[in-house]
Amino acid sequence: MELLKSAKSGDRRSLARLLTLVEEGETLELPEVAPWTLGVTGPPGVGKSTLIGRMVSHWKDSGERVAVLAVDPSSPRSGGALLADRMRMESTDSGDSVYFRSLATRGHPGGVSYLLSPMIDLLSFCGWSRIVIETVGSGQAETRIVAFADRVLMVDGPDRGDIIQAEKAGIIELADIIAVNKSDKPGASRAADSIRASLELSGDRGSPEVHLVSAQNSVGIETLVSAIEECSSPDWRNRLRITERLLSKWDSRLILSDGLDGALDELETGSITLDQALDRLQGTSG
Amino acid sequence: MRIVIAKPGLDGHDRGAKVIARALRDGGHEVVYTGLRRTPSEIIRIVTDEDATALGLSTLSGAHDVLIPKICDGLREEGMGDVMVFAGGIIPDRDRESVFDQGVRAIFGPGTRTGEILDFLNECSERSDNEEPIGVGQESGWRWE
């Protein structure tokens, strides 16, 4: 394929086109690749994009080629999306060693999760040695996206305590490393301590390291990046991520199945039970 | 459509650009907003990487007569003449003709209804489906006035 050849040789336009094709559902035949991936998630407003911008600069300086896929939700009402992550990552807009792509969840039934794998493979095939997936951790479906990465960073801010909420949802268990951003603000180290304390409660199962950083002032970035480079996920965490991947595949299959509307109609009138609906949909889904 | 809304140059006001970005999203478009003070080469890079079909430029500083040609030429040089470009902000009447001459397909001044911009984009989609030229590097002629 001509496009693939020129994308591999470094033509950004071809790469951008190919990613669009993948997004539209096209399958590419690629040789086996071993991508390096990092998923980044956390509540809105904690500074994920700024922090990623800093990490990107760091990797860029050490000779890596970094690609960022930033996933934002589409409006369920209009189908449109406002993708503004890149305004906080100016480091990504110059130089040949960074590629940034915004991704809307679109009408993609069940989310974009299942498109991420082929996109990651394509980027890796084209020589991008660090691939970062950013998503807003505003709900289970959004957070699930990071399970497609081999290592996961969760970002929190001072005094939010949101990550403790995340723990209740079982999402925090996906993280290899936690960063508390805005370390210059009062309350940041207390927030880090309380996260550590709460992780200790969950027992000695390779709890994630907690780092204090300030993306704004470039404090703690180097240590964080080397921790990310060196981290290894215990088997149980890998298994959790695989479970999340399986669940999102399941969701998208269910939502894509032909009989969905019919089943919903019947559920509405109460003529079938949820179990009966599922049994029927399983028969019709790919 | 996949649309980049960009703020080239040094002016520090992006209220208008943000209102447009939101209105286009509500009209069903995917909008990538660049933030303030982008250079022409950054904007061209963003349009390339995002595989955008359209680019909206908002300028208020009076530097449109320098920045818009730079961006339009850059797109053509990079082989992205199929990208549709429209402009908004403060562009004096006497400059409109020369901005259109750059391959810009529409200019929306202050007071434009957001619905009009959506109508314009719909027209662009239809033209593009009929393979009529709308890109910055394609045959000029049609413009929204």
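Bear in mind these aren't lab numbers, they're just calculated from the coordinates by the rules spelled out. From a predicted model like this one, the values you see are computed outputs, not experimental measurements. A quick note on method: Cβ atoms are made from the backbone with ideal geometry, for glycine too, and the neighbour counts reach across all protein chains shown.
If you run the Gaussian network model on chain A, springs between alpha carbon atoms under 10 Å, then out of A:ASP235, A:ASP193, A:ASP121 the most flexible one is A:ASP235. Peptide A:74-81 is shielded by partner chain Cβ atoms: per residue, an average of 5 of them sit within 10 Å of its Cβ.
Under a 10 Å cutoff between Cα atoms, tell me which one of A:ALA147, A:ALA179, A:ALA16 has the largest fluctuation in the Gaussian network model of chain A. Its mean-square fluctuation being the largest, the pick is A:ALA16. Summing charges over all other residues whose Cβ lies under 14 Å from the Cβ of B:VAL19, with Lys and Arg as +1 and Asp and Glu as -1, gives +3.
For the range B:66-145, just say rounded, prolate or oblate: build the C-alpha gyration tensor, square-root its eigenvalues into a ≥ b ≥ c, call rounded for a/c under 1.5, and beyond that prolate if a/b exceeds b/c, oblate if not. Judged from the Cα gyration tensor, the range B:66-145 comes out oblate (a/c at least 1.5, b/c at or above a/b).
Residues of the range B:85-112 with the amide nitrogen closer than 20 Å to a label point 7 Å from the Cα of B:ASP119, along Cα-to-Cβ, please. Of the residues in the range B:85-112, B:85-89, B:105-112 have backbone N under 20 Å from the label point off B:ASP119.
If the chain linking A:SER129 and A:TRP236 were pulled fully straight, counting 0.36 nm for each residue of separation and taking away their Cα-Cα distance, it would gain 35.9 nm.
Remark on the protein assembly as shown: ratio of C-alpha radius of gyration to 2.2 N^0.38 Å is 1.05.
Can you list the residues of the range A:249-265 with backbone N under 19 Å from a point 7 Å past the Cα of A:ILE272, pointing along Cα to Cβ? Flagged as within label range: A:250-265.
For the pairs A:LYS48/A:LYS249; A:LYS8/B:LYS18; A:LYS8/A:LYS182; A:LYS185/A:LYS249; A:LYS5/B:LYS18, flag any whose C-alpha to C-alpha distance is greater than 32 Å. From A:LYS48/A:LYS249; A:LYS8/B:LYS18; A:LYS8/A:LYS182; A:LYS185/A:LYS249; A:LYS5/B:LYS18, over 32 Å: A:LYS8/B:LYS18; A:LYS8/A:LYS182; A:LYS185/A:LYS249; A:LYS5/B:LYS18. Across peptide B:36-43, the mean count of Cβ atoms from other chains lying within 10 Å of each residue's own Cβ comes to 2. Normalised by the number of residues in the range A:209-286, the average gap of Cα pairs under 8 Å and 6 or more apart makes the relative contact order 23 percent.
Each eigenvalue of the Cα gyration tensor of chain B, multiplied by 5 and square-rooted, gives one semi-axis; in descending order these are 19, 17, 16 Å. Extension gain for A:ASP96-A:LEU246 works out to 50.5 nm (0.36 nm per residue, less the C-alpha to C-alpha distance). Among A:ALA104, A:ALA175, A:ALA81, which one moves the most in a GNM of chain A with springs linking Cα atoms closer than 10 Å? Of A:ALA104, A:ALA175, A:ALA81, the most mobile in the Gaussian network model is A:ALA81. Looking at the protein assembly as shown, the DSSP beta bridges with both ends there are about 0 percent antiparallel. Given the rule -39500 (n - 2.57) for each run of at least 4 DSSP H residues, summed and divided by the residues of chain A, what is its mean residue ellipticity at 222 nm, to the nearest 500 deg cm²/dmol? Helix-only estimate at 222 nm: -13500 deg cm²/dmol.
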